[in-house]
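The values are calculated or read from the model by the stated rules, or taken from the named source; none is laboratory data. The structure displayed is predicted, hence computed values, not measured ones. Glycine also receives a Cβ, built like all others from the backbone with ideal geometry; neighbour counts cover every protein chain displayed. Note: accessible area is taken over every heavy atom of the protein model, side chains too, but ligands, DNA and RNA are not part of it. Shrake-Rupley method; radii C 1.70, N 1.55, O 1.52, S 1.80 Å.
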Amino acid sequence: MNPPEVAKPTPPAPKKPRRVGFGPRLSRWDFKFSPYLYISPFFILFFIVGLFPIAFTAVISFMDWDLVRNTGTFIGFDQYAYVLSNPKFWIALRNTFSIFLISSVPQLIFAIFIAAILDQNIRAKTFWRMGVLLPYVMAPVAVALIFSNMFGDQYGIVNTTLQNLGLPAVPWHSNAFASHIAIATMVNFRWTGYNTLILLAAMQAIPRDYYEAATVDGAGKVRQFFSITVPSLRPTLIFVIITSTIGGLQIFDEPRMYDQYGTGGANYQWLTITLWLYDIGWGEWNFGRAAALAWILFIIILAIGVINLFVTQGLVRNEGGRTAMTRAQRRTAARLAKRDVAATKSNKHQTEEAGS
Amino acid sequence: MTAVEPVPVGVTDRDIAPEERSRPPKRRRAVKGTRPGWFVYSSLAVVLIASLFPYYWSLLIGSGDSSTIRDPNMSWIPGGNFFENAAAVVNDPAVNFWLALWNSIFSSALIALSVVFFSTLAGWAFAKLKFKGSSFLLIFVIATMAVPMQLGVVPLYILFSEIGWTGQIGAIIVPALVTAFGVFWMTQYLQQAVPDELIEAARVDGASSFRTFLTVGLPAARPAAAMLALFTFVTAWNNFFWPFIVLDRQNPTLPVALSLLQSNYFVDYSIVLAGVLLSTIPLLILFIFAGRQLVSGIMQGAVKG
């Protein structure tokens, strides 16, 4: 039963413990330290390409970086002041939020409805699911090129169709809001199916008994959807919202490829923060400013994350709300309980007194 | 059919009293026995058409000539110029199409392999091995997922230019060798895929820790590893921001080459969209063969994550 290595007498600890199984002691070491070895690739890589650059970005953001000598001179908060006082920053911030909202809100609504449809007892499930996911494999750059063609101001299929329907053509590139819609459409095209499948998975985890009971109670499909499906999806929805927020605030590929210049439009109609970051860093070659902008972006994402967290907590508390009590009820209950305790205490007191 | 089954002749499930039936009737079937109607299928058809349309549109424009797009009465049937347009893309010396294709395949495949190996290794440690600080370290791994790429790109670029890697394909491979998502994904999967007794048995038999991983962990991780490989491959293939920054025009990946295509041919959309289609075909083929796994992978990840 014992392999020969284990049966061997324990040798004096070898200097280079490369082979394992020399003895129980070595084996114990192996099992004690190997886990750290196994997780070390991630941590080593993260320190080199993650943590160190983040800290270094902070340092560079306080500097006027010299590209030739690859060093900088400390100038304090000047880069932050430059970024925050530049009107382009506020335009980029507006555009980023606008594109993010126009993309994520309809995307989620569509995703929920498509998921609800896929959640039915349909034929050829896998085929439909694959069809929904088909856009996800197309590169964002490719999506952007195709859609920027379709949203062409002069000859685009969208405007042609609009005009055939007797509607006016939309200036998809010159109007800021129109360009945001076009870019959001690209994002929606690529990500709706992905989110659909995530929501579908969550829907399939909802116990079917709920629907059964609702049917017995006479609730229709629509009522069931809003009273059972949507509330049960809350945790997953929050997950999807957070991930799409983090991704949406970093949007770069689509606005960069929306026209052939890649500068966000003549009046920065669709300039986003990351697009501007690229322009400052690798167009103007000003790394100090780019680093400051990167930190500002990070702080924005963090702030949104914290807001998300609060909203999440609110929603989660809300979820139990249907069966749990309202705050007023809870207070009343607490007061009653307190009175009860006091009453029993004094009762006890009285009986004790009476007894003695 | 009945002849094969070892059931006493004449006795069917229905003859047995309900409480004696071996298996309870399937719940889901009972509730959702009715097939949905035309509304469901027509909605799905609309979604499918919307998913396919951009692919078809790139074929339509990419197979026409430069005047197609300006033609108000353009035909909805693809023209015959696709191969000429594709040849214009492939032979354009400024775009380096074949090199871009090779770079994309090479880097994505290498990244996928490496991510799977190192993530499985780390996931194995987090899921199945006991060590001090494991829960804190795992939380740390998950927390890193929230850090945006943009935060580190300036120093990363400086770092790579210091060691002379700018313009090199290694500069996009190395930062992606192992991902927090991968570690998290494999941890989640391995936690329930391998019974602890199996590891103890291997240990009693005297297998080293790494040997245990190779003989118990890796085989058990295979289904999740396949999905992780697919995801990582697709993500790496489509990645643009960092390759666009660090690679140069002479040595691009496919998305970077596509971005060059637009600035070269901004008037001629038929060539640009032929290039788009050309660069999408490899992933489309992958999707046709592995789309089923990709779908179930997304659905699994969601339930657990």
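Before moving on, here are some points about what is shown:
- Extending 7 Å from Cα along the Cβ direction at residue B:263 and again at residue A:121 yields two label points whose distance is 5.8 nm.
- Altogether, the Stokes-Einstein calculation at 25 °C and 0.890 mPa s, with the Kirkwood radius of segment A:87-245 over Cα pairs as Rh, returns a diffusion coefficient of 138 µm²/s.
- Separation between Cα centres of segment A:198-224 and segment B:139-186, rounded to whole Å: 43 Å
- Summed buried accessible surface, chains B and A, 1.4 Å probe, nearest 100 Å²: 9100 Å²
- A:165, A:197, B:284, reordered so the largest accessible area comes first (probe 1.4 Å): A:165, B:284, A:197
- Neighbouring Cβ atoms from other chains, within 10 Å of the Cβ of residues in A:204-216, number 2 on average.
- Estimated inter-spin distance, residue A:105 and residue A:335, nm [label 7 Å along Cα→Cβ]: 4.1 nm
- Residue A:172 accessible area, assembled protein chains, probe 1.4 Å, Å²: 20 Å²
- With a 1.4 Å probe rolled over the protein heavy atoms of all chains, the accessible area of B:165, B:242, A:128 falls in the order B:165, A:128, B:242, largest first.
- Taken over segment B:106-253, the convex hull of the Cα atoms encloses 123 Å³ per residue.
- In Å², nearest 10: area of residue A:289 left accessible to a 1.4 Å probe: 60 Å²
- Solvent exposure of residue B:53, expressed as accessible area, is near 60 Å², computed with a probe of 1.4 Å over the protein chains only.
- Sequence-distant contacts, meaning Cα pairs under 8 Å at least 6 residues apart, place the relative contact order of segment A:51-149 at 11 percent.
- For segment B:106-253: relative contact order, % (alpha-carbon pairs under 8 angstrom, 6 or more apart): 44 percent
- Ranked by solvent-accessible area (1.4 Å probe, protein heavy atoms only, all chains present), the residues A:191, A:29 order from largest to smallest as A:29, A:191.
- Take each peptide in A:292-298, B:189-195, A:53-59, count the other Cβ atoms within 10 Å of every residue, and average; sorted highest first, the result is A:292-298, A:53-59, B:189-195.
- ³J(HN,Hα) computed for each position of segment A:125-131 - Karplus, 6.51 cos²θ - 1.76 cosθ + 1.60, integer Hz, glycine/proline x: 3, 4, 4, 5, 5, 5, x
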